[in-house]
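First up is the structure itself, then whatever we jot down about it.
Here, each number is a calculation from the coordinates, and none is a lab measurement. Predicted model only: the values in this text are computed from it and were never measured. In this analysis, Cβ positions are derived from the backbone assuming ideal geometry, glycine residues included, and neighbour counts consider all displayed protein chains.
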């Protein structure tokens, strides 16, 4: 309970489209901005009742960039994308599972 | 008021607070506020600077237990900030200082969220060792707002021994787990009653519920607080238990609990010292900045 691997040790920009998280246990994961926006789980991108995705993933360009990536509380990060939906909250636990 | 919910409060008055501790339970009436006040007084007595934020907007109780010794005033340095109220050496903020006790706060959740954000970020808390947030009961909107906006060092879970309380407290534990807020430990309130003449110990609400909960979730058990008339009398009169009944079992139990709490807090800090808690990566095209 007192220790948790879902903590960011370092975060940096890898190139124009990808950022890297170095987790506290040493694991390193890359995240492509366009992938994350396609998986946005906010209420406008996913129907709350049916779970159906309301935004067509092909509308998100592969070369999507960002304005900033920032922490939210102790459990998640948020991304201000340069275009499209920036409402999604990306929990660390989810980010870790998704990258493995 | 502006765009509160989307702001990153990087220059906030909370930056000078070393540890933020949430006192929570899934259920109302288990004694969160009483524990928060006595924990604050106990930490103050150990020589720390302490603040107490009453996040219960609908049922605030701080003005009664910790009567304000100061008037409402703005921060001389920055008039956009409010000074916290002071009582017994503790900096405190609660809606109960600002409204008559008989006026109900019948307002919608967005208003409450804004109030909480003002209490957090528009109050000049100054340099504090500990800020205790007395959380409202339940696992709803206000709790989420606080945990999304504040880097809480850890949460203290309060329960009473009976199983109906434990069921709700489990939900609070799950909420903190989901939000990655570490649980510093469990306190069992109203644990037992010592009959003053015979010294026989009674367990009117059942026995061992808090310990069972801490075992179930692998959380430290910080201690028990007895049912003791001195605690409620001190709360009702706005007195400090630590001044009036120094050697009472209640005072000793609070002292023990605050000591254990600090041990766990420091251990946690050591285990997480490499974690980046609050970051902002500014994206720069073709520069690949490392921050």
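For peptide B:270-279, the mean count of partner chain Cβ atoms within 10 Å of a residue's Cβ comes to 6. Once you order the gyration tensor axes a ≥ b ≥ c over the Cα atoms, which shape class does chain A get: rounded for a/c under 1.5, otherwise prolate or oblate by comparing a/b with b/c? Oblate.
Once both axes come from the Cα atoms, what is the angle between helix B:249-271 and the longest principal axis of chain B, in degrees from 0 to 90, rounded to 10? The helix B:249-271 is inclined about 40 degrees to chain B. What's the FRET efficiency of residue A:49 with residue B:211 using the Cβ-Cβ distance as r and R₀ = 35 Å, to the nearest 0.05? Taking R0 as 35 Å, the efficiency between residue A:49 and residue B:211 is 0.30. Once the gyration tensor of the Cα atoms in region B:3-290 is diagonalised, the equivalent ellipsoid follows with semi-axes of 32, 23, 18 Å, ordered largest first. Computed from label points 7 Å out along Cα-Cβ, the spacing between residue B:18 and residue A:28 is 3.6 nm.
Taking the Cα centroid of region B:96-122 and of region B:190-253, what is the distance between the two, rounded to the nearest whole Å? Computed from Cα coordinates, the inter-centre distance equals 31 Å. Helix B:109-121 and the longest principal axis of the C-alpha atoms of chain B enclose an angle of approximately 80°. Each pair of Cα atoms in region B:125-184 enters the Kirkwood radius, and Stokes-Einstein at 37 °C and 0.692 mPa s then converts it into a translational diffusion coefficient of 262 µm²/s.
Ordering B:261, B:53, B:268 from the fewest to the most neighbouring beta carbons within 10 Å gives B:268, B:261, B:53. Look at B:125, A:94 and count the other Cβ atoms within 10 Å of each Cβ; fewest to most, that gives A:94, B:125. How much of the DSSP bridge set in region B:143-256 is antiparallel, in percent, rounded to the nearest 5? Bridges in region B:143-256 that DSSP calls antiparallel: roughly 20 percent.
As a proxy for reagent exposure, ranking B:263, B:228, A:47 by other Cβ atoms within 10 Å from fewest up yields A:47, B:263, B:228. With the highest mean first, a sort of the peptides B:61-69, A:27-35, B:178-186 on other beta-carbon atoms found within 10 angstrom per residue produces B:178-186, B:61-69, A:27-35. Within the protein assembly as shown, antiparallel bridges make up roughly 55 percent of the DSSP beta bridges whose residues both belong there. Taking chain A as a Gaussian network of alpha-carbon nodes connected by springs under 10 Å, the highest mean-square fluctuation of the residues A:41, A:82, A:58 belongs to A:58.
Could you tell me what percent of the DSSP beta bridges with both partners in region B:3-290 are antiparallel, to the nearest 5? Counting only bridges with both partners in region B:3-290, antiparallel ones make up about 20 percent. Quick one: among B:47, B:28, B:89, which has the greatest mean-square fluctuation in a GNM of chain B with alpha-carbon springs under 10 angstrom? The residue that fluctuates most here is B:47. When all alpha carbon pairs of the protein assembly as shown are counted in 20 Å bins from zero, the resulting P(r) reads 26, 54, 19, 1 %. For the pair residue B:98 and residue B:74, a Förster radius of 22 Å applied to the C-beta separation gives a FRET efficiency near 0.95, rounded to the nearest 0.05.
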